[in-house]
Structures are given as structure tokens and as C-alpha cells.
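Notes follow once the structure below has been shown.
Here, each number is a calculation from the coordinates, and none is a lab measurement. Computed from a predicted model, the values in this text were never measured in an experiment. We place every Cβ from the backbone using ideal geometry, glycine too, and count neighbours over all the protein chains shown.
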Amino acid sequence: MQLFGAVLLLIVLPFSAICEDVLYKGYKLYDVQATARDQIELLQSVSHDLELDFWSPPAVDRKSSVFVSPRKDELFRTFLSEHNVTHRLSSEGVQRLIDHERDFNEIRNRKRRNVSQNDTIPIVSTNGTSFEYFWSLNEIYQYLDMLARKYPNLVKLFGYGKTYENRSIKVITISTAGKVNGSRPIVLVDGGIHAREWASHMSVVYLIYQLVERSTENMDLLNNTDWVIMPVVNPDGYEYTQKDRLWRKNRSPINGTSCFGTDLNRNFPIGWTSFGSKCSVGYAGPAPASELETRALMKLMRNYSNATKVYLTVHSCGDFILYPFGYKNEEAPNKMQLQALGEEAAAAVRAINGPKYSVGSSAALLYPANGSDDYIYENLKC
């Protein structure tokens, strides 16, 4: 099989429950639409000073959701007006949205507890595992444990190290051969590298569900292909989103500050740069591969690099299917293959009345920034 390379999937699903420990009163959400590349570069250049948090990546002629604090709101609006950037206020009540989603989730949780006496295990009905709500880290891990026990000839479960807060980083392999030994093509998948992107975690869990619990219906994906999946790259961050729903990074302390967290996707060695202040949402860490979670994913990539034919890293939010390069404005050697594969996937989504996905390299469609896909593509030649 010819190498396809790394494909970055950005999948949009709605946000869910948010705890009230961290409040966002007065914060606003804007729809911003850049009409030229230089406007995107301008937005990026002021993102640190104005403390902008891009909920969806800026792209030419596409709306981007930008989260703005009360103390920077006026400066942000002045900047947009001065540079003729099209924008509109999307929500001035972000905390109300948070409260609404919290209430919705509480209703779902009550329903779940009424059905299952053990409220740490997702509902399993005659129609299958429930995906009506976003699972906690404990629920995801218990589900993986259950699959390993119930399907020992198909599923194996491994620990790939610990986080700063001593949580396990789990990996599941799925193979009709019983174990993954590198003799068959491998699809390597990860999710949840950014803590608040709950749709990412659950999309990967849903993939696992389809490959295991509904394996007989998806045997075309299993007959000659093995799967290696890390559904929660950032367990500490994911757990912390129960207190602060908008937390993005991991939870390791930053030396010399009272701040916590590194953006794990910016922490990979390929294209690493000292991006952002130590307390910023996009802080790349004190050094390349400084974080335990980054090193765990790099180890997983290395261990299966000889047989990996496709790498998928699942993010949200944004209707994009992206491939290398992200850290530099150059075309990947197999760009035509990557583009064709991405367009085939986008067409499959449209065929079931899904959103229209844009396909292209990260640097071309969005903005230059490194990530896990650049690392596996450049360093391991997958």
C-alpha cells in the first residue's frame, strides 16, 4: 500500500456541559470574516496583545468565531473597524450559553442515572451504546476496559505513560488478527489533544464503537487493516474542562509563573517555536516535546511507523479536512494523493447531507502552525 500521509480532520459538533467553577460573564463571541490573506495575518499578529481566542480557525472568505474578554472588547472592535474586517457580534451572553448547556447536560445525566444503576458507565441499550451526551474521562476509560474484556480476540488495551497529574494515557488496538504486529497496514488515530474539543473525543469513541461493537457491519474496514487509537491525548486537560469548559491545554505548571498548561499540538519538535506568552492559550511549551502527553503520542507514532499508512488526528471546530504542511508554506510531495483522499472523504460527508468540508494543507487554508501531523509526516515519513 502506498503511503497516504497525515490527514487532519476538524469535525464540528455542539458543545455540551460546562461547570460553573470558572465564569465567563461579559465575554463575547464575534463572527469575523477575512476577505484577504493579509487580514488573517493582521488578526494573528494582534491575537496575543488582544488575548483573542479563535474557536474556529480564520480563513479567507469563511467566518471565524473569535472569543473576546470584556477588557479587550473595545480595542478589538476598534481594530476590526480600522482595518475594514467584516464582523458581527454573535453572542454577548457566553455565560448564558454555558449555563444552558450545563442544564441540558444535567437533564441527560438524570435520564442516564434513571436507566443505569451504575452512573459511571454509559447506557447500553438494545440499540447499542448511547451517544446522547459527552462522556467523562472515567466513562471513556471504563468503556475501553469493557471492550477489552468483551472482545479479547479483537481488542487490546495498553497504557502509554502517565500525565503530570498521574492519569493514564490509554491506547486501544483493533485487529481481526488478534494483535497488531506490523504485518498489515495500520490506521493511527488520535483525539482530544485540545481539552475543550469534546466533539473530538466522542467522534473517536464513536469510531471505536463502530469498529468493535458493530464490527460485522464494518468488516471492510477491518479485513486487511489494523487500527491503533489514542482517544484522549490530553486526559488532565479533559478532566479540567469539567471546571473550566473552555480550557484547551494540558495541566502541567509553567515555571516562573502561576499559570498552567501547554498547547500540546504546538509542542511537537517539527516546526516548534516559542509561540505565545507563558500564560497564553497557545503556549507551545518551554522546549520541543517538553510534555509527557506529547512524548507519549510521539512514542506511539514511532512504535507503529513502519506499518502506518494513514494518520488521522481529530479536532473541532471547523469544516476542514487538512493535511501537511502546517508549519511551512510548502507543498507536500504527495499533495495530489492527499488532496484526492480528502476530497473523497468530503464528498462522502456531503452525500449524507453533512456540512461542506474544505480540503487543503493547513498552512494554505488556515495559517502556518506546527502540529502532530507535521511531526509524523516529516520525522517518521508516514
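Some notes on this structure:
- Most to least packed among 53-63, 166-176 [average Cβ atoms within 10 Å]: 166-176, 53-63
- Most to least packed among 219-225, 304-310, 291-297 [average Cβ atoms within 10 Å]: 291-297, 304-310, 219-225
- A Förster distance of 30 Å, applied to the separation of the beta-carbon atoms of ALA289 and SER168, puts the FRET efficiency at 0.95.
- Region 289-348-region 231-253 distance, computed between alpha-carbon centres (Å): 22 Å
- Label-point separation, ASN138 to SER183 (7 Å along Cα→Cβ), nm: 4.1 nm
- Working note: Karplus 6.51/-1.76/1.60 with θ = phi - 60° gives region 181-189 the couplings 10, x, 7, 10, x, 10, 9, 9, 10 Hz, where Gly and Pro are set to x.
- Antiparallel DSSP beta bridges within region 28-96, as percent of all bridges there, nearest 5: 95 percent
- Its alpha carbons give region 259-382 an Rg and a Dmax of 15.2, 45 Å.
- Unit charges on C-beta of K, R, D, E only; dipole of the chain, Debye: 800 debye
- Separation between Cα centres of region 62-92 and region 133-193, rounded to whole Å: 41 Å
- Theoretical gain in end-to-end length, GLU106 to ASP61 [0.36 nm per residue, Cα-Cα removed]: 12.4 nm
- Highest-first arrangement of 182-192, 347-357, where packing means the average Cβ count within 10 Å: 182-192, 347-357
- Candidate aspartates and glutamates - alpha carbon under 12 Å from LYS179, same-chain residues fewer than 8 apart omitted: ASP226
- In this Cβ point-charge picture (+1 for Lys and Arg, -1 for Asp and Glu), region 28-96 has a dipole of about 260 debye about its Cα centre.
- Kirkwood-type hydrodynamic radius, region 213-329: 16.4 Å, calculated from all non-identical alpha-carbon pairs.
- Mean separation of Cα contacts under 8 Å, 6 or more apart, over the residue count of region 28-96: relative contact order %: 48 percent
- Here the gap between SER274 and GLU343, fully extended at 0.36 nm per residue and compared with their Cα-Cα distance, gives a gain of 21.5 nm.
- For TYR160, residues with placed amide H under 5 Å, excluding near neighbours: ILE169, LYS170, VAL171
- Here region 28-96 has an Rg and Dmax of 10.9, 34 Å, counting Cα atoms alone.
- ³J(HN,Hα), Karplus 6.51/-1.76/1.60, whole Hz, each residue of region 316-333, x for Gly, Pro: 8, 10, x, 8, 9, 10, 10, 9, x, 9, x, 8, 8, 8, 10, 7, 5, x
- Net charge contributed by nearby residues that have their C-beta within less than 9 Å of SER280 (K/R +1, D/E -1): -1
- Charge sum, other residues only, whose C-beta stays under 10 Å from LYS179's C-beta, Lys/Arg counted +1 and Asp/Glu -1: 0
- Spin-label model, LEU89 to ASN306: label points 7 Å out along the Cα-to-beta-carbon direction sit 6.1 nm apart.
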